[in-house]
Amino acid sequence: MKYKILIVSAKFYEDLSKKLIFGTKEKLKGKANITIIEVPGSFEIPVVISKNIKKYDGFVALGSIIKGETPHFDFISQTVTDAIMQLSVNSKKPIANGIITTLNKKQAEFRSLTKGQESATAVLSVLDNF
């Protein structure tokens with residue numbers, strides 16, 4: 001295997017997480033040694049990546065944040081996205097943001113079918129080209 005990749009997956013929406021993990025694993029098959037760590041929600045993803053930043057070549061963050069009736073969606077989405085980007089830039093390691101942010105569950109279900117593969121493709125692309 002060429003790379004060591006850590007997938008950190010939020011299991012808050014377990015049905016969506018399973019689809020995201022499946023797609024990611026399919027795309028990475030034969031190209032990377034994969035470890036998966038599950039966390040309660042997307043908010044916990046950056047700290048787990050941070051704790052493991054020296055152990056892996058790249059990372060895939062997976063989860064679903066679905067808008068509710070409070071501003072919680074906006075705070076969590078922005079905070080997690082900013083933290084992932086900061087970790088990636090500071091560590092100079094690719095962290096694919098496969099966290100789906102949608103207005104409803106139907107949109108999330110649709111996006112969960114391809115977001116895992118897209119995220120795996122992104123992390124491999126950076127590792128292969130830089």
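All of the numbers you see were taken from the coordinates with simple rules; none came from a lab. Nothing here was measured: the structure is a model prediction, and the numbers come from that model. Backbone-built Cβ (ideal geometry, glycine too); neighbour counts: all protein chains shown.
Between THR114 and LYS67, the C-beta separation translates, for a Förster distance of 22 Å, into a calculated FRET efficiency of about 0.65.
Would you mind counting up the charge near LEU113? Only other residues with Cβ under 15 Å from its Cβ, with Lys and Arg at +1 and Asp and Glu at -1. Net charge around LEU113: +4. Ratio of Rg to Rh for the chain: 0.95 [Cα atoms; Kirkwood radius as inverse mean 1/r over pairs].
What do you get for the angle between helix 115-129 and the principal long axis of the chain? Use alpha-carbon atoms, 0 to 90 degrees, nearest ten. Roughly 30 degrees, rounded to the nearest 10. For the chain, the longest principal axis of the C-alpha atoms and the axis of helix 14-28 are separated by about 20°. Were the residues from SER50 through GLU26 laid out at 0.36 nm apart, the gain over their Cα-Cα distance would be 6.2 nm.
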